[in-house]
Amino acid sequence: MERILGGSWDEQRQRRTSIKWSLWGPEVLPVWVAEMDAAPCPAVVEAVTSAVRRGDTGYAVEGRYAVALAAYAQDTWGWEVDTALTMGTADVMIGIEAILRQVTTPGGAIVVSPPTYDSFFGFVATTGRRRLDAPLSPEGRLDLPVLDRTFGEATAGGERAAYLLCNPANPVGTVPTPEELSALAALADEHGVTVVSDEIHAPIVHPGGAAFTSWLTVSDRGFSALSASKAWNLAGFKAALVIAGAGSADDLQGIHEVHTHGVGHIGAIAHMAAFADGRDWLAQVKGELDDNRHLLRRLLSEHLPQVRMRVPDATYLAWLDFRTMDLGEDPAAVIRERAKVAMSSGPNYGAEAGRGFARFNFATSPEIITEAVERMADVAG
């Protein structure tokens, strides 16, 4: 069987023009932004090219995406999505920003748990809300006592507050258990905090760890946001879905429908094809990612044993700990300069929690992973 995550450095350079392969110079090996070096899903290629050939390139129709995602969620996780409580949006973070504005008040608080997805910080800032940090535990898990204290601080003035959950967690690759989420739900109810869960990496959970549990299967309050973007490598096809719990239906209705206008019709067609007919493709990708995460761990053990890596339970991103090396607060910047390997800078995911760390994207060929580690090892001394 031909690999999906394949291709040499030169081959990728020749055929890829997206930001991953274009931002840095041709001498730099990119293992940073969350794109996969993947051959496209045939079902998506067929759906998109067929639509373009027949001139079906108008505006998106609200509702069809929800039906496709709901069918996938039911088949994959046994999660019954109420399509009446959904809203299409251009991407997960655009939808999340609209929710945050709806469920909080200007000057109110939004809680995040660093190290966490770097765009969370920017989107919180654009809302004009206060950001409060409730860091993850050293093991990358929800720290419930810290969340309890921070939720209390967030709501002390009587304003509405929200918690921005990354489930599965980017960049650390952990998957909250049902027990952890249920405990979080109890805290959110006690303090009156609305949980907004970014679940874009949900289809990419690896064997051997906790299974994915959507926020809305443990609570009827709050929101989940999902997309086929990460799992099927469709970042260039804009479409996503926001889902409300029954207890948050009024907040969903309060979001202006203008936020649905960013859904691209071709994007929705691509995502719907992925959910419906791209499951075998995804299964193969997940098998290759499973191999790659263990390959990366082995290579680091052999060539850079001073770099610590916890094998992620989800995503195709590894959170690497360089703190025992003399590479400063942002080892990714030093390594990019010395080794010509571009990783994502750890402090982007939390100034304190990310200090001395870097994020490595292993959704590529084994050859590129190997070369990246060998380059880093060559300059490690």
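The values are calculated or read from the model by the stated rules, or taken from the named source; none is laboratory data. This is a predicted model, so every value here is computed, not measured. Using ideal geometry, Cβ is built from the backbone for each residue, glycine included, and neighbour counts are taken over all protein chains shown.
Does region 333-354 hold any residues that are in contact (Cβ under 8 Å) with a residue 12 or more places away in the chain and under 13 Å from Arg375 (Cβ atoms), and which are they?
Ile335, Arg336, Arg338, Ala339, Lys340, Val341, Ala342, Met343
Among Val124, Val103, Val111, which is crowded, with 21+ Cβ neighbours inside 10 Å, touching a helix residue (DSSP H, G or I) at 6+ places or on another chain (Cβ under 9 Å) and farther than 23 Å from Asp220 by Cβ?
The match here is Val124.
Which one of the conditions (1) farther than 25 Å from Asp91 by Cα; (2) in contact with an Asp or Glu (Cβ under 7 Å, 6 or more places away or on another chain) does His206 fail to meet, given that it meets all the rest?
So the condition that His206 fails would be (1).
Of the residues Arg141, Arg130, Arg149, which is within 24 Å of Asn348 (Cα to Cα), modelled with pLDDT of 95 or more, over 19 Å from the mean Cα position of the chain (by Cα) and charged (D, E, K, R)?
Arg130
Condition test on Leu295, is it touching a residue at least 40 places away in the same chain (Cβ under 8 Å), over 22 Å from Met376 (Cα atoms) and part of a helix (DSSP H, G or I)?
No: the conditions fail for Leu295.
Pairs only if they're at least six apart or on different chains, beta carbon under 6 angstrom, first in region 1-15 and over 12 Å from Glu371 (Cβ atoms), second at pLDDT 90 or above and outside any loop (DSSP other than H, G, I, E, B); list them, first residue then second.
Filtered contacts from region 1-15: Ile4/Gln284; Ile4/Val285; Leu5/Glu288.
Each row is one residue, and each column tells you yes or no for (1) among the charged types (D, E, K, R); (2) more than 25 Å from Gly152 (Cα to Cα); (3) modelled with pLDDT of 95 or more.
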residue	(1), (2), (3)
Val196	no, no, yes
Val205	no, yes, yes
Asp220	yes, no, yes
Ala246	no, no, yes
Asp251	yes, no, yes
Ile266	no, yes, yes
Ile269	no, yes, yes
Trp281	no, yes, yes
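Among the residues of region 366-381, write down those that are touching a residue at least 60 places away in the same chain (Cβ under 8 Å) and either crowded, with 21+ Cβ neighbours inside 10 Å or assigned to a helix (DSSP H, G or I) (or both).
Pro366, Glu367, Ile368, Ile369, Thr370, Glu371, Ala372, Val373, Glu374, Arg375, Met376, Ala377 - these are the residues of region 366-381 that are touching a residue at least 60 places away in the same chain (Cβ under 8 Å) and either crowded, with 21+ Cβ neighbours inside 10 Å or assigned to a helix (DSSP H, G or I) (or both).
Given the options Gly287, Gly247, name the one that is in the same structural domain as Ala34 (by TED's automatic domain parsing) and either over 30 Å from Ala183 (Cα atoms) or not in a strand (DSSP E or B) (or both).
Criteria check complete, one pass: Gly287.
Quick one: is Gly173 closer than 24 Å to Ile94 by Cα, within 19 Å of the chain's Cα centre (by Cα) and either surrounded by fewer than 16 Cβ atoms within 10 Å (Cβ to Cβ) or outside the structural domain of Lys230 (by TED's automatic domain parsing) (or both)?
When the stated conditions are applied, Gly173 does not pass them.
Only residues that are on the phi < 0 side of the Ramachandran plot and assigned to a loop (DSSP other than H, G, I, E, B): list them for region 68-102, please.
Scanning region 68-102 gives Trp79, Glu80, Val81, Asp82, Ala90, Asp91.
Could we say that Val44 is outside the structural domain of Tyr117 (by TED's automatic domain parsing), assigned to a helix (DSSP H, G or I) and at pLDDT 95 or above here?
yes
Determine whether Arg54 is of a type in the set (Lys, Arg) and within 20 Å of Leu241 (Cβ to Cβ).
No, not satisfied.
Can you tell which of Ser182, Ser197 is within 14 Å of the chain's Cα centre (by Cα), in contact (Cβ under 8 Å) with a residue 12 or more places away in the chain and closer than 25 Å to Asp250 by Cα?
Ser197
Return the pair list, or none, for Cβ contacts closer than 8 Å from residues in region 91-111 that are closer than 13 Å to Thr194 by Cα and modelled with pLDDT of 95 or more to residues that are part of a helix (DSSP H, G or I) and among the polar types (S, T, N, Q), at least 6 apart or on different chains.
So the pair list comes out as Leu100/Thr127; Arg101/Thr127; Val103/Ser248; Thr104/Thr127; Ile110/Thr127; Val111/Thr150.
Among the residues of region 275-288, is any in contact with a strand residue (DSSP E or B) (Cβ under 8 Å, 6 or more places away or on another chain) and buried (at least 23 other Cβ atoms within 10 Å of the Cβ)?
no
Yes or no: region 345-364 includes at least one residue that is farther than 21 Å from Ala34 by Cα and either surrounded by fewer than 21 Cβ atoms within 10 Å (Cβ to Cβ) or aliphatic (A, V, I, L, M) (or both).
Taking every residue of region 345-364 in turn, at least one turns out to be farther than 21 Å from Ala34 by Cα and either surrounded by fewer than 21 Cβ atoms within 10 Å (Cβ to Cβ) or aliphatic (A, V, I, L, M) (or both).
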